Amino acid sequence: MLNKYNFRESETKWQKFWQENNVYKFDINSKQPIFAIDTPPPTVSGHIHIGHIFSYSQAEFMARFKRMTGYNVFYPFGFDDNGLPTERLVEKEKKIKAHEMSREEFGNLCREVAQKYEQEFKEMFIKAGNSADFNLLYSTASPSVQKASQKSFIELAKNKLAYYAEKPAIWCPECRISIAQAELESKDIPSFFNYLHFPLSDGSGCLEIATTRPELLSACVCVFVHPDDKRYIDFVGKKVIVPFYHFEVPVLTDDKVSLEKGTGAVMCCTFGDETDLFWQEKHFLPIKTAIDDGGRMTQLAGEFAGLKIKVARESIIEKLKQSKELYKQENIIHAVSTHERCGTPMEINIKKQWFIDLMSHKKEFLELGNKINWFPSFMKSRYLNWVENIDRDWCISRQRYFGVPIPVWYCKNCGEIVFAEEKQLPCNPLTTQPLHACYKCGGKDFEPEKDIFDTWQTSSITPLINAKWIDGENNELIKKIYPMSLRPNAHDIIRTWDFYTIVKSFYHTNSLPWKNVMISGFVMADKDNKISKSKNNAKFNPSDLINEKSADVTRYWASTGSLGRDIIFSDEEMKNGAKLVNKIWNASKFVLSFLQNYQPKEIELTLIDQWIIAKFNNMQKNFINYFERYEIGLAIGELEKFFWNFCDNYIEIAKRRLYNPDVYGEDATESAKFSSFMVLKEMLKMFAIYLPHITEEIYKDFYENYEHEISIHKTLLKQISCHFDKKLSLEEIIKLGDDACEIVTSVRRFKSENNLSLKEEISSINISGFSQSINLLEQDIKAVCTVKNICYDNKNKEKQIIINK
RNA sequence: GGGGGUUUAGCUCAGUUGGUAGAGUACCUGCCUUACAAGCAGUGGGUCAUAGGUUCGAGUCCUAUAAUCCCCACCA
């Protein structure tokens, strides 16, 4: 018999039980259809926050729904624990810098710290009631995943889809690494427009030029004006003298120059921004490098050499002011592309690096995006919009330490690229040698590649990792789970994780990685603010939240968000969840108190019992339809509405029969028992998707004896079958019950308006305008609102309820 | 500048194919009713952002406009 519900005890107990009994284990031999989820491996870069719980819960509800509707669910878990985010975490936590120690030493520290966080992550997800199969755990830093990542790279390189090239790439001087277009974030930054004099070398005049980057004057290679700009027509073809450095550069024309911006004349440096890059390539301009990898000025900058970009800029402005070469300054706020991880403005740097070809297959990537079902559908536009606007290949070389090594060597003799062989993988070229001499020249001296991969190079193959692609493209698992059914993630990584995964799957398997993508929103602290790490206080700390309110209630809150939309963290919704959990407990305790030793028998049911079952079946159909559309919030809304109706109307009506079989008869009582037994059972199963703990507690206490599954989470959602009255249609049964509720409501209103207690007896009511069959429910109406007599006025067609006290 | 979301009750949001505006919550009122006062019952509260259009009929379809949020571009 159920006592008081103690969620702290109960939740831990069942979590342990589920793990020990492998309740969520994927069974590769099962004959059920498979639903495979490409779970996002959380980045190991700090603590779990409430946004994780929100976003993961939504996918988790899908997993549970699919499990309970007959699918064999492949729901793995992973950690993304290599690369810059983990390095930063380790540097911060251990108060060290990666470059101050050997790569091996640093790697060990990374593994140590990552392991600690991964344990915490895993515990946190289990604590939130997550039903991933932790037997399917992977980590992107593990040898097998490294092997898959390297194999992917080598395969692409051999198919000319990955290539090694010396070309300008986006560079973060703070992190000292190349970054991809997808890692840029536009930021509005205050700056100055500095107006400078560029005198003509022949002394015949002076060109005025506005620049935000005077520190790059030493890298100036030419000046551009628009070919149609009449103001500067006489300058074209002549030479001007660069201020401060006093060397000459030509005045050229290009129609990309804006007539309105600045003075209409622009200096081109290699490289100040991407337009400079464009011009350098188009006009075959020389390349001058004024900034080094660490964001300091080079010898080219003369007396500013060694200064950081910002300092150099301030210094040269002072000098230019003194020399009067700077004649005007204007405050502006301009958009600057920055590295999303550190906020530092990007630079352009030329290095020999590895790239993955994106530009040649944009059309295919767009087509593939169109073939995927996006939930919500409008998120597809974001993907298509991004792919359309991609304008460079994906640079995957990262000049860092803890990550997947690029498995190649370069022949010291002839420069030939030598790839690791598959049997060598995973391979660190710094500590191993190629298995053969150079194929081209026979040389035996190799220069190992020092760079590692962008983390996305690895995480873009999570469907292949999950499918054990590394074991061969025809292994049993890949045939079963690939393409996967579902990719869930938040909207911020559509352009990275979703896009790159589509790219990789297309290149490797000529197929989609998954059929459906489900996009969740962010959790906001309030209307304007994301929950950031700095705001990760007790209110938003998932562990504290769960300790205080329970995992079920936290999950309930997560279920109320709608797909793709940001949600504001709400105490109100938490309260509603707590009320719901409490109500489920009380209602179950009450109903089950009448069902001890009950043996369900299919008997003829009273009309009102048929009504609640018919309503349930309809509700369940709607619930399933919502889930098929990934509308998790609407699904629970439907269930909740039914549940409260069940409590407030059905139980109120049925309890008289349950209490007093001698008054109402054995058959009527059996009918009430059957209906409440069935409806509660099936409702609990549906609630189990959202509230796995409390429902399990009730199930294990009572329903396990009937369902013969060790956990409610192994049961299937079912329609309730019973003998419905053959003289009435299901619609009529539902209509009659709803009409009865309407009559009850009128009586209750009357009592409420007259300040009467609800148990006050009403001598009679006159009703008209209802179906004649309403008299079949007379007993129930009378019982629930304590009415002595009901009179039917069959002549009056107008719907009326008259109450006589 | 390009793309997308949102706009419905004080608040948070539902509203399927066009057919009398919904829920929860808050407010207010009543009720200790043989599960639950963390409960039950009930009242009030909306020019469906604005302006046009299509239609017998528009929250819903079409066209503009506005506000607001997001993505992309804008970096001289």
Mind checking which pairs have a first residue in the stretch A:379-397 that is open to solvent by 30 Å² or more (accessible area, probe 1.4 Å) and a second that is among the small types (Gly, Ala, Ser) and modelled with pLDDT of 95 or more, Cβ under 6 Å, 6 or more apart or different chains?
A:384/A:369
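Going by the conditions given, is residue A:671 open to solvent by less than 10 Å² (accessible area, probe 1.4 Å), among the hydroxyl-bearing types (Ser, Thr, Tyr) and part of a helix (DSSP H, G or I)? Outline the logic, then answer.
Details: open to solvent by less than 10 Å² (accessible area, probe 1.4 Å): yes; among the hydroxyl-bearing types (Ser, Thr, Tyr): yes; part of a helix (DSSP H, G or I): yes.
For residue A:671, the condition - open to solvent by less than 10 Å² (accessible area, probe 1.4 Å), among the hydroxyl-bearing types (Ser, Thr, Tyr) and part of a helix (DSSP H, G or I) - is met.
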In this structure, is residue A:276 open to solvent by less than 40 Å² (accessible area, probe 1.4 Å), near RNA strand B (Cβ under 10 Å from one of its atoms) and touching a Pro at 6+ places or on another chain (Cβ under 8 Å)?
no
Failed condition for residue A:129, given (1) over 30 Å from residue A:409 (Cβ atoms); (2) out of contact with any helix residue (DSSP H, G or I) (no Cβ under 6 Å at 6 or more places or on another chain):
(2)
Enumeration of residues in the stretch A:360-396 that are away from RNA strand B (no atom under 14 Å from the Cβ), within 26 Å of residue A:167 (Cα to Cα) and hydrophobic (A, V, I, L, M, F, W, C)
A:365, A:395, A:396
Pairs only if they're at least six apart or on different chains, beta carbon under 9 angstrom, first in the stretch A:471-488 and on the phi > 0 side of the Ramachandran plot, second hydroxyl-bearing (Ser, Thr, Tyr) and part of a helix (DSSP H, G or I); list them, first residue then second.
none
One residue from A:598, A:556 being open to solvent by less than 40 Å² (accessible area, probe 1.4 Å) and touching a Gly at 6+ places or on another chain (Cβ under 7 Å):
A:556
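Quick one: which residue in A:4, A:13 is basic (Lys, Arg), open to solvent by 20 Å² or more (accessible area, probe 1.4 Å) and modelled with pLDDT under 95?
Working: A:13 fails: modelled with pLDDT under 95.
A:4 is the lone residue from the list that is basic (Lys, Arg), open to solvent by 20 Å² or more (accessible area, probe 1.4 Å) and modelled with pLDDT under 95.
So that you can scan it fast, the table gives a plain yes or no per residue for (1) in contact (Cβ under 8 Å) with a residue 24 or more places away in the chain; (2) within 30 Å of residue A:47 (Cα to Cα); (3) within 11 Å of RNA strand B (Cβ to nearest atom); (4) not basic (Lys, Arg):
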position: A:540; (1), (2), (3), (4): yes, yes, no, yes
position: A:549; (1), (2), (3), (4): yes, yes, yes, no
position: A:556; (1), (2), (3), (4): yes, yes, no, yes
position: A:562; (1), (2), (3), (4): yes, yes, yes, yes
position: A:567; (1), (2), (3), (4): yes, yes, yes, yes
position: A:570; (1), (2), (3), (4): no, yes, yes, yes
position: A:580; (1), (2), (3), (4): yes, yes, yes, yes
position: A:589; (1), (2), (3), (4): yes, no, yes, no
position: A:602; (1), (2), (3), (4): yes, no, no, yes
Residue A:342 meets each of (1) within 34 Å of the chain's Cα centre (by Cα); (2) within 14 Å of RNA strand B (Cβ to nearest atom) with one exception, condition (2)
Within the stretch A:645-671, residues closer than 30 Å to residue A:714 by Cβ, touching a Lys or Arg at 6+ places or on another chain (Cβ under 8 Å) and within 13 Å of RNA strand B (Cβ to nearest atom) come out as A:645, A:647, A:658
Would you say residue A:54 is open to solvent by less than 20 Å² (accessible area, probe 1.4 Å) and over 12 Å from the mean Cα position of the chain (by Cα)?
no
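In the stretch A:674-728, how many residues are in a helix (DSSP H, G or I), acidic (Asp, Glu) and either crowded, with 16+ Cβ neighbours inside 10 Å or free of Cβ contacts under 8 Å to residues at least 60 places away in the same chain (or both)?
Qualifying residue count, the stretch A:674-728: 5.
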Identify the residue in the stretch A:237-258 that is in contact with a Lys or Arg (Cβ under 9 Å, 6 or more places away or on another chain) and within 9 Å of RNA strand B (Cβ to nearest atom) and, among all such residues, is most open to solvent (accessible area, probe 1.4 Å).
A:256
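For the stretch A:424-446, which residues satisfy the criterion of being touching a strand residue (DSSP E or B) at 6+ places or on another chain (Cβ under 6 Å) and surrounded by 19 or more Cβ atoms within 10 Å (Cβ to Cβ)? Please lay out each step first, then the result.
So the first thing to find is which residues in the stretch A:424-446 are touching a strand residue (DSSP E or B) at 6+ places or on another chain (Cβ under 6 Å), and the list is A:428-430, A:434, A:438, A:443, A:446.
Listed by number, the residues that qualify are A:428, A:429, A:434, A:438, A:446.
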Residues in the stretch A:282-336 that are more than 44 Å from the chain's Cα centre (by Cα), open to solvent by less than 80 Å² (accessible area, probe 1.4 Å) and among the hydroxyl-bearing types (Ser, Thr, Tyr): how many?
2
Quick check on my filter: what residues within the stretch A:152-196 are part of a helix (DSSP H, G or I), of a type in the set (S, T, N, Q) and either open to solvent by less than 20 Å² (accessible area, probe 1.4 Å) or more than 14 Å from RNA strand B (Cβ to nearest atom) (or both)?
A:152
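The values are calculated or read from the model by the stated rules, or taken from the named source; none is laboratory data. Every value quoted in this text rests on a predicted model; they were computed, and no experiment measured them. Glycine also receives a Cβ, built like all others from the backbone with ideal geometry; neighbour counts cover every protein chain displayed. The protein model used for the area step is the full one, side chains on, heavy atoms only, and it has no ligands, DNA or RNA in it. Shrake-Rupley method; radii C 1.70, N 1.55, O 1.52, S 1.80 Å.
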